[in-house]
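Structure first, then comments.
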Amino acid sequence: MKFSAILAGTFAVLASSAPTTSAVAVQERAVFDPTLLNNLVFNQVDLNYLLQLNSLDLGLFQHLALQNNLDALLFQQVFNSQVFDVQSLLRFQQLQTLLAVAQTGVLNGFNLASLQLGVLDLGLINGIAGVNLGPFINAAHVPQIQIIADGVVPTIIAKE
């Protein structure tokens with residue numbers, strides 16, 4: 001059995017057993033400063049392009065930071081990175097996977113303060129993290145990528 005099938009089955013069981021509504025109003029437990037994360041807009045054009053294509057729910061990301069004590073600064077590197085490399089892409093994928101799991105409702109009510117995503121460094125294998133992906137992008141597509149990436153608007157819902 002493939003690992004991905006086992007993982008999908010595990011999440012399916014967790015999602016089916018999770019409550020669909022919360023009976024208790026959730027209180028804000030954390031402080032979220034979006035300026036440390038470039039106001040939730042990626043500093044790199046290609047990551048903004050991927051943000052638009054994948055329709056990431058950054059409002060949910062803020063919700064996890066405020067309500068579930070997720071350390072949003074774990075993703076500071078990906079929001080502030082100037083380079084489109086494998087490491088940035090892996091961090092973006094971590095963010096996307098976390099948000100996909102959170103959308104199922106599995107993380108509702110959990111305190112995510114102890115979540116240690118920073119120690120999960122998938123780019124250590126043979127130094128692959130430093131591979132710049134910019135040269136692999138066709139120069140003819142750069143204007144189209146720029147147009148789509150420019151459509152990203154900050155989705156700050158947190159009030160200080």
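FYI, it's all coordinate maths here, none of it is from the lab. What you are looking at is a predicted structure, and each value in this text was computed from that prediction instead of being measured. Every residue, glycine among them, receives a Cβ derived from its backbone with ideal geometry; neighbour counts consider all protein chains shown.
Multiply the residue gap between VAL106 and GLN146 by 0.36 nm, knock off their C-alpha separation, and tell me the result in nm, one decimal place.
Using 0.36 nm per residue and subtracting the Cα-Cα distance, I get 10.9 nm.
Pulled fully out, how much extra length does the chain show between LEU117 and ASN54, if you take 0.36 nm times their separation in residues and subtract their Cα-Cα distance?
Between LEU117 and ASN54, full extension yields an extra 20.6 nm.
Which of the peptides 39-50, 97-108, 80-91, 132-143 is most tightly packed, and how do the rest follow, judged by the mean count of other Cβ atoms within 10 Å per residue?
Taking the mean over residues of other Cβ atoms within 10 Å, the ranking is 39-50, 80-91, 97-108, 132-143.
Given a Förster radius of 22 Å and the C-beta distance between VAL153 and THR97 as r, what FRET efficiency does 1/(1 + (r/R0)^6) yield to the nearest 0.05?
My answer for the efficiency is 0.40.
Can you list residues whose amide H is under 5 Å from ASP85's amide H, if they're 5+ apart or on another chain and H is modeled 1.01 Å from N?
Close amide H contacts, sequence-distant or interchain: LEU133.
Compute the distance in nm between two label points, each set 7 Å from the Cα along the Cα-to-Cβ direction, one at ASN132 and one at GLN77.
Between ASN132 and GLN77, the label points sit 1.9 nm apart.
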